[in-house]
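Written below as structure tokens is the structure these notes are about.
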Amino acid sequence: MLNIFKLERRYSVFDEKTYNHLIKLLNTMTTYTMDSPTRTKLTDIYYDNQKNLLEENGLLLRRRVYKNKAELKIKRRYFAPEYYYSDSLRSHEREREIGLHDSLSQHYFFLNNALNSMFSNNLQFDPDKLFEQMQVVMVIKIEQETRKLFGYGGLKVEVRREKLKIENKRTRRKNKTEMIQFKLLSSDDTLPVFEDFIKRVERHCKEIFYTKDSKFEIAFRMTQPLPSKEEMRKRIEELEKQRRQQEANENITGNKK
């Protein structure tokens with residue numbers, strides 16, 4: 001199995017116009033054709049307890065709701081995505097389909113077993129008590145627009161736009177952003193053609209920015225508390241200090257000449 005970063009490419013975008021610019025660009029590339037878009041909505045709900053015990057142990061607990069279905073997943077938080085997004089990915093996550101209105105308490109047995117199977121050493125906390133104290137810490141509402149792109153050599157690619165509306169319950173901050181993802185759907189032997197496609201897109205569309213971050217990591221970063229006035233003052237002072245140092249270094253270099 002190939003590393004997932006070779007099969008999927010995720011990008012943040014400059015603004016809400018970027019996706020339409022990208023689609024127009026792809027339509028000008030005569031070697032590719034696209035079908036009509038399909039649209040869907042889903043909501044990702046993340047949990048932790050008051051002491052952020054899951055976060056401290058590098059874990060995420062997510063309920064995903066889409067159409068009339070729901071899915072519960074517990075997984076390692078991807079601080080080093082190159083490692084987790086590899087052949088060993090499934091050893092770091094557990095998931096199951098659940099009822100749309102199920103409470104977490106109905107799935108304590110699954111969650112406890114999942115944790116114990118993911119860790120080779122003894123847990124430093126009691127999972128029973130942990131899952132009884134869960135509360136919502138992050139909600140991400142996602143609007144997806146998906147198209148299939150077809151190219152020479154049997155290439156088949158999923159082009160997905162995701163519009164995210166984020167609410168961080170901990171920091172009480174909201175934000176929104178957009179992501180674009182290209183995913184190889186055809187066989188592994190079309191990977192060179194896929195890589196050529198990605199190079200063409202990146203060369204001609206400068207409004208997209210490659211990222212390895214998951215949606216959660218992006219949402220988490222975008223909803224952190226705003227800096228206080230004191231923190232802003234210190235940052236400005238540090239930037240001014242760096243500017244003066246740079247000017248001094250330039251003067252020294254100029255005098256030597």
Legend entry - Mean ellipticity per residue at 222 nm, deg cm²/dmol - from DSSP H runs of n ≥ 4 across the chain, formula -39500 (n - 2.57): -10500 deg cm²/dmol
Inset, instruction - For region 157-166, take each phi angle, set θ = phi - 60°, evaluate the Karplus expression 6.51 cos²θ - 1.76 cosθ + 1.60, and give the result in whole Hz per residue in order, putting x for glycine and proline. - result: 10, 8, 10, 10, 9, 10, 9, 9, 10, 10
Inset, instruction - With θ set to phi - 60°, apply the Karplus curve 6.51 cos²θ - 1.76 cosθ + 1.60 along region 196-204 and write out the HN-Hα couplings as whole Hz, x wherever there is a Gly or Pro. - result: 5, 4, 4, 4, 5, 5, 5, 6, 9
Legend entry - Relative contact order for region 90-243, counting Cα pairs under 8 Å that sit 6 or more residues apart, in percent: 16 percent
Legend entry - GNM top mover of E71, E16, E56 - the chain, alpha-carbon springs below 10 Å: E56
Legend entry - the chain, dipole about Cα centre (Lys/Arg Cβ +1, Asp/Glu Cβ -1), debye to the nearest 20: 760 debye
Legend entry - Taking the chain and dividing mean pair separation by its residue count, relative contact order in percent (alpha carbons under 8 Å, at least six apart): 24 percent
Inset, instruction - Would you please put 228-236, 201-209 in order of how densely packed they are, using the mean number of other Cβ atoms within 10 angstrom per residue and starting with the highest? - result: 201-209, 228-236
Legend entry - (1) 13.7; (2) 12.7; (3) 20.1, with the label sought being that of the calculated mean projected area of the Cα convex hull in nm²: (3)
Inset, instruction - Convert each backbone phi in region 9-20 into a coupling constant with the Karplus relation 6.51 cos²θ - 1.76 cosθ + 1.60 (shift: θ = phi - 60°), then list the ³J(HN,Hα) values in order as whole Hz, x for Gly and Pro. - result: 10, 10, 9, 8, 10, 5, 7, 5, 8, 4, 4, 5
Inset, instruction - Post the alpha-carbon centroid distance, region 5-36 to region 188-218, in whole angstrom. - result: 9 Å
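Every read-out reported here was derived from the displayed coordinates using simple, explicitly stated rules and does not represent laboratory data. No experiment lies behind these values; they were computed from the predicted model shown. For neighbour counting, all protein chains shown are included, and Cβ atoms are generated from backbone atoms with ideal geometry for every residue, glycine included.
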